[in-house]
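Reading through the structure tokens given below for one structure.
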Amino acid sequence: MDPETRKPPSGLEGMPTGELVNRLAAQVSELVRGELELARTELTAKGKRVGAGAGLAGAGGVVALYGLGALIAAAIAALALVWPVWLAALVVGVVVLVVAGVLALAGRSQLRRAAPAAPKHTVESVRDDVATVREAVRR
């Protein structure tokens, strides 16, 4: 399009450059505030879900720990029928520690592969905003 035939948006004709720059600054400031509010809202919602999930997982872990203790006691009692009680307890204890080590290594591996908890929608929205502003500046 020819630069002479391009018209500014309605209501902007004849405005001084200073006023246009002030309006731009105000709009960018409002846009940034809106994006920050979006990020805060998104992270708050994620935080509530994470908190509830962590609480339930913790309660499940405590109950599972009691169940595991009962199973370990049963294993020691069963082995005590064949071996002395101290040897049965030692063998079961070593097995439990080996299983704990394997689980800890698997958990560490999963944590290293975890994605950061970034507000995805806000990041995408900001990228779109930056692209729009760049496109508008080029015109």
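The values are calculated or read from the model by the stated rules, or taken from the named source; none is laboratory data. Keep in mind that this is a model prediction, so the values were computed, not measured. Here the Cβ is made from the backbone with ideal geometry for all residues, glycine too, and neighbour counts use every protein chain on show. With ligands, DNA and RNA removed, areas are computed over all heavy atoms of the protein, side chains included. Shrake-Rupley method; radii C 1.70, N 1.55, O 1.52, S 1.80 Å.
Quick check on the range 101-110. Is at least one of its residues open to solvent by 60 Å² or more (accessible area, probe 1.4 Å), within 30 Å of Val21 (Cα to Cα) and modelled with pLDDT under 95?
First, pick out the residues of the range 101-110 that are open to solvent by 60 Å² or more (accessible area, probe 1.4 Å): 102-105, 108, 110.
Then drop every residue that is not within 30 Å of Val21 (Cα to Cα), which leaves none.
No; the residues of the range 101-110 include none that is open to solvent by 60 Å² or more (accessible area, probe 1.4 Å), within 30 Å of Val21 (Cα to Cα) and modelled with pLDDT under 95.
With Arg49, Arg40 as the choices, which residue is in a helix (DSSP H, G or I), at pLDDT below 95, loosely packed, with under 11 Cβ neighbours inside 10 Å and under 30 Å from the mean Cα position of the chain (by Cα)? Before you say what the answer is, go through the steps one by one.
Details: Arg40 fails: loosely packed, with under 11 Cβ neighbours inside 10 Å.
After ruling out the rest, the residue left standing is Arg49.
Which number in (1) under 30 Å from Glu42 (Cα atoms); (2) surrounded by 10 or more Cβ atoms within 10 Å (Cβ to Cβ) marks the one condition that Ala136 misses?
(2)
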